[in-house]
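Report on one structure; see the data block that follows.
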Ligand code: HAM
């Protein structure tokens, strides 16, 4: 018989790791909630066209990495590779431009990209994604960057490199892309095969190239950040001033390339100093043309996505299980009723459920880190697991009184 295994690039999240994820979601809900971001949930699969139009036809994500399938009616559907396009679709579909702006939402869940799996890179991974729609106020860009940083800080990811840049408007970018293509063509012979093949499709990727020839050429390349229109340069200067006023350290990196086409103005990415090749803990930016592109009214937006697996990798090993309050060394109905009462009064309580001897049960109580053990025999004994002191209880109420301390 075939040995069944989790599909390539997927991850079983076992205890205690799954608990750490819930804690990360709790921290995110708290940090984002204080700034007015409300949780939402969009579907895990969408019309393929949403991502083709939203994320961009020329991106690696759309060209190579989507899990696309047909439903029984022949519709082309795709497992979402990212959250922003779906959230923007929902904003349009539910007329959310009629709500007071900005609309601030966040979402956590699984995403899918058909990439070559390696440490920190999966085919099913998890993001915490936050978006602010309906305003181009630079305080939103700065706010999201600070909220992202606070989540990473609270998660314990340790030192991180914060890269920031601005891409200007689509028009500025289009002009710049033409300028960059002319530049790349003028130095074509020095470029890697891969970069040369993509000069027309995606010349910006040349900044990302690993090969030293291309890297040397790119040192002389024109930079988009030097071509920004005055209002975009001003917007970026304000975002920087706001981050400065909050005391956040960051680098302006004019070569920052994000793998999605919808960005305008601010872009950012944070990298862990503790991770290897897949070091990006998350990133994001502004996408002032995306909602219109998807058929909605002209609406600015900005957001980020944080990679849950990488955050937890950077944060290191899980803490020990916090333990339980009471272990009931006993079986059957009496024990069952007692753990029920203990749980009702808010305690973490477990009973013997695997047929151990009394000695085995006491060992199990130890393993579970129980604060108290209640031994149900002819008498009821309550053992303080810290001091080893044992006391007789006359009734269940008596037990509750002792263990609730
Ligand atoms: P992204 O940079 O494509 O941005 O993904 C954000 C983060 O998700 C990455 O930095 C990484 O931590 C994690 N991630 C991406 N792919 C994988 C993978 N295959 N395995 C493990 N982790 C991965 C976006 O997705 C944009 N939607 C962010 C955004 C929101 N921009 C504006 N709003």
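Taking the number of other C-beta atoms within 10 Å as the exposure measure, put 139, 299 in order starting with the fewest.
So the residues, fewest neighbours to most, are 139, 299.
Taking the stretch 1-61 on its own, what percent of its Cα-Cα pair distances exceed 13 Å?
Within the stretch 1-61, distances greater than 13 Å cover 78 percent of Cα pairs.
Convert 37 °C to kelvin, take the viscosity as 0.692 mPa s, use the Kirkwood radius over C-alpha pairs of the chain as Rh, and evaluate the Stokes-Einstein diffusion coefficient in µm²/s, rounded to a whole number.
Estimated via Stokes-Einstein, D reaches 134 µm²/s.
For the chain, what does -39500 (n - 2.57) per DSSP helix run (n ≥ 4), summed and divided by total residues, give at 222 nm, in deg cm²/dmol to the nearest 500?
Mean residue ellipticity at 222 nm (helix-derived): -11000 deg cm²/dmol.
Could you identify which residue out of 57, 30, 394 has the top mean-square fluctuation in a GNM of the chain using Cα springs shorter than 10 Å?
394
By how many degrees, between 0 and 90 and to the nearest 10, does the Cα long axis of helix 17-34 differ from the longest principal axis of the chain?
Value to nearest ten degrees: 60.
Using Cα atoms only, what is the angle between the long axis of helix 230-245 and the major principal axis of the chain, expressed in degrees (0 to 90) to the nearest 10?
Once rounded, the angle reads 30 degrees.
For the stretch 81-122, restrict the atom set to alpha-carbon positions and state the Rg and Dmax in Å.
Final numbers for Rg and Dmax: 14.6, 44 Å.
Could you sort 43-53, 157-167 so that the peptide with the highest average Cβ count within 10 Å comes first and the rest follow in order?
157-167, 43-53
Going 7 Å from the Cα of residue 229 along its beta-carbon direction, which residues of the stretch 268-296 have the amide nitrogen within less than 18 Å of the resulting point?
286-293
Quick check on the stretch 28-151: what does the Kirkwood estimate of hydrodynamic radius come out to from the alpha carbon pairs, in Å?
15.7 Å
How much length would be gained if the chain were fully extended between residue 188 and residue 175, taking 0.36 nm per residue of separation minus their Cα-Cα distance, in nm to one decimal?
Fully extending the segment from residue 188 to residue 175 adds 2.7 nm.
Go ahead and run the numbers for FRET between residue 356 and residue 30, Cβ-Cβ distance against an R0 of 30 Å, rounding to 0.05.
E between residue 356 and residue 30, to the nearest 0.05, is 0.15.
Relative to the present Cα-Cα distance, how much length would full extension add between residue 398 and residue 363 at 0.36 nm per residue of separation?
10.2 nm
Only counting other Cβ atoms within 10 Å, I'd like 94, 114, 235 sorted with the fewest neighbours first.
94, 114, 235
Expressed in whole Å with the largest first, what are the equivalent ellipsoid semi-axes of the stretch 166-256 derived from the C-alpha gyration tensor as the square root of 5 times each eigenvalue?
So the three semi-axes of the stretch 166-256 are 28, 16, 9 Å.
In Å, what Rg and Dmax follow from the Cα atoms of the stretch 313-358?
Rg then Dmax for the stretch 313-358, in Å: 14.5, 46.
Most mobile of 71, 288, 366 per a Gaussian network model of the chain (Cα springs, under 10 Å)?
In this elastic network of the chain, the residue with the biggest mean-square fluctuation among 71, 288, 366 is 366.
Using 10 Å bins from zero, what percent of all Cα-Cα pairs in the stretch 27-67 falls into each bin?
Over the stretch 27-67, the share of Cα pairs per 10 Å bin runs 25, 30, 26, 19 percent.
R0 = 51 Å: FRET efficiency of residue 337 with residue 121, Cβ-based, nearest 0.05?
For R0 = 51 Å, the calculated efficiency reads 0.55.
Multiply the residue gap between residue 210 and residue 320 by 0.36 nm, knock off their C-alpha separation, and tell me the result in nm, one decimal place.
35.5 nm
Can you give the Kirkwood hydrodynamic radius for the stretch 327-385, in Å, rounded to one decimal and based on Cα pairs?
11.3 Å
Taking only Cα atoms, what is the 0 to 90° angle, nearest 10, from helix 138-155's long axis to the longest principal axis of the chain?
40 degrees
In nm, give the distance between the simple-model label positions of residue 379 and residue 22, each being 7 Å from the Cα along the Cα-to-Cβ direction.
According to this spin-label approximation, the distance is 3.8 nm.
FYI, it's all coordinate maths here, none of it is from the lab. Quick caveat: nothing in here was measured; it's all calculated off a predicted structure. All Cβ positions, glycine included, derive from the backbone under ideal geometry; neighbour counts span all protein chains shown.
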